[in-house]
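All remarks here apply to the structure that follows.
Please treat every number below as a calculation from the coordinates, not as lab data. All figures in this text were calculated on a predicted structure; none of them were measured in a lab. We place every Cβ from the backbone using ideal geometry, glycine too, and count neighbours over all the protein chains shown.
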Amino acid sequence: MTDKAVILAGGLGTRMQRPQPEVRLDAPTEQVADEGWKGLVYCDGRPFLDYSLQELVEAGFRRVCLVVPPGDSPLRAYYEALRKHTSELEIDFAVQEEPRGTADAVAAAQEFVGEDSFAVLNGDNLYTAPALRLLREAPAGACYACAYEREPLIAKSNIEPARIARYAVMQVNSEGRLLRIVEKPENPEQYLVEGTVLVSMNLFRFTPDIFAACHRIEPHPVRKELELTSAVQDLLDREVVPFWVIRCREGVLDLTERGDILTVRRALAGRRITFARRIGWGEG
């Protein structure tokens with residue numbers, strides 16, 4: 001069991017920055033999208049990332065680290081202020097000095113993690129409390145990947161089936177151990193597990209062993225980034241620690257590009273935030 005989570009919140013947001021003429025946004029949202037700050041897209045009066053923190057609190061997490069870029073940013077300023085208004089959640093920050101990939105972002109949180117196990121989640125995905133709770137309450141001494149069954153994921157998310165078909169899938173052995181995360185498989189059906197494809201939505205729980213793996217790997221030959229899936233495969237190949245799959249029948253809200261904003265807003269309409277009161281920009 002753990003109460004620590006690391007949120008990768010410092011990405012460049014390049015896909016969010018790309019214009020989509022068919023998507024019409026209000027002026028404040030347009031500005032946030034132009035700057036790539038996906039976590040600050042307002043949904044029913046609160047930034048998108050607030051909803052992730054709410055789900056973490058409901059799942060039992062109490063300490064969260066936001067991985068952010070260096071220097072001042074509107075996202076860091078907002079959460080520096082917000083953390084003064086909650087007693088349910090400790091919010092810390094880790095700085096990723098350069099945008100060198102997701103494995104490098106995780107490595108930036110090593111001081112926050114210490115010797116504890118911890119969850120890792122994307123800042124532009126909203127995972128549900130039941131999925132997060134399964135991850136948090138899993139037995140100690142192992143790593144875990146949350147594996148989303150494809151059909152419930154399609155039914156409960158804002159992501160089109162064609163898009164999900166391009167996501168990475170998990171190759172799992174008969175005991176439920178992770179063997180490999182397969183990126184963009186040509187035929188996902190060859191990785192069926194008990195009649196369903198298990199989709200990776202980049203939701204993990206790691207032991208501190210992941211940090212050595214993050215430092216061992218080489219950049220991806222095409223994307224030139226240090227990718228978390230490569231670090232996961234390094235752990236699997238070396239058999240450093242048991243790595244189990246946790247099957248999940250939940251959905252995930254995705255906020256990758258401008259076209260996702262309206263569907264996410266509809267899904268979050270009326271959702272309450274209780275872990276911290278609403279604050280205005282610049283409020284301390």
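One compactness figure for the chain is 0.96, namely its Cα radius of gyration divided by 2.2 N^0.38 Å. Taken over segment 29-148, the alpha-carbon convex hull comes to 130 cubic angstrom per residue. With neighbours defined as other Cβ atoms within 10 Å of a residue's Cβ, the residues T128, T274 order from fewest to most as T274, T128.
The order of the peptides 200-210, 117-127, 21-31, 167-177 by mean Cβ neighbours within 10 Å, most packed first, is 117-127, 200-210, 167-177, 21-31. Taking every DSSP beta bridge that has both ends in segment 4-268, the antiparallel portion is near 50%. Computed on the Cα trace of segment 180-284, the radius of gyration divided by the Kirkwood hydrodynamic radius gives Rg/Rh = 1.05.
Across segment 125-210, the fraction of Cα-Cα pairs farther apart than 19 Å, rounded to a whole number, is 39%. Along segment 147-164 the Karplus relation, 6.51 cos²θ - 1.76 cosθ + 1.60 evaluated at θ = phi - 60°, assigns HN-Hα couplings of 9, 8, 5, 4, 5, x, 4, 5, 5, 10, 10, 9, 9, 5, x, 5, 6, 4 Hz to successive residues, with x for each Gly and Pro. Cα gyration tensor of segment 112-268, axes a ≥ b ≥ c as square roots of the eigenvalues: rounded (a/c below 1.5), prolate (a/b > b/c) or oblate? In terms of gyration-tensor shape, rounded. Taking 7 Å steps out from each Cα toward its Cβ at R15 and M1 produces label points 3.6 nm apart. Going from the fewest other Cβ atoms within 10 Å to the most, the residues F275, F48 appear in the order F275, F48. The alpha carbon centroids of segment 167-224 and segment 122-146 are separated by 15 Å.
Kindly express, to the nearest 10 degrees and within the range 0 to 90, the angle between helix 48-59's C-alpha long axis and the longest C-alpha principal axis of the chain. Around 60 degrees separate the two axes.
If R0 is 25 Å, the Cβ-Cβ spacing of K184 and T263 corresponds to a FRET efficiency of close to 0.65.
Averaging 1/r across all pairs of distinct Cα atoms in segment 50-94 and inverting the result yields a Kirkwood radius of 11.0 Å. Along its three principal directions, the equivalent ellipsoid of segment 28-71 from the Cα gyration tensor extends over semi-axes of 22, 15, 5 Å, largest first. Compared with the dominant principal axis of the Cα atoms in the chain, helix 259-268 is inclined by about 80°. Site pair D72 and R271 shows an inter-label distance of 3.1 nm when each label is modelled 7 Å from Cα along Cα→Cβ.
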